[in-house]
Amino acid sequence: MPRPTAAQLVYGTVTVVIATLAMLLLSQTRTGLGVAVITVAALGLGLLVAVTVPVPRPAPAAARAPEVRAERVPLPRVHTGAEVRIESRVGEHSLRN
């Protein structure tokens, strides 16, 4: 099962709170059993609302922007006139000049 989105969590929570308050005020129940029944009903309603919130789907392939493919182009070699000469000093200690 995929994770719920933020919108689904918000809609479900708001539904639970409003439904619980509305049912408690309208029924004017004072017993523990009545409050428990109303709470379970509100939780079920909130879960139903959270699950049925439409989730955005990816756009069809025709509606998407065309893909841009980049080609590798070799850069021209720039000659600055200053040549760097690297000499191999195999066997010499690194602290010697």
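Can you work out the FRET efficiency for the pair residue 5 and residue 67, with r the C-beta to C-beta distance and R0 = 25 Å, to the nearest 0.05?
Values: r = 27 Å, r/R0 = 1.08.
Calculated value: 0.40.
Going by a ≥ b ≥ c, the root eigenvalues of the Cα gyration tensor, does the stretch 6-52 fall in the rounded group (a/c under 1.5), the prolate group (a/b larger than b/c) or the oblate group? Can you show the working numbers first?
Working: a/c = 3.46, a/b = 2.33, b/c = 1.49.
Judged from the Cα gyration tensor, the stretch 6-52 comes out prolate (a/c at least 1.5, a/b above b/c).
In nm, to one decimal, how far is the modelled label at residue 77 from the one at residue 22, with both set 7 Å along Cα→Cβ? Output for this residue pair reads 7.8 nm.
Here the simple spin-label model places points 7 Å from the Cα toward Cβ, and for residue 51 and residue 14 these points are separated by 2.1 nm.
Here, each number is a calculation from the coordinates, and none is a lab measurement. Everything numeric in this text was worked out from a predicted model, so none of it was measured. With ideal geometry, Cβ positions are generated from the backbone for all residues, glycine too; neighbour counts draw on all protein chains shown.
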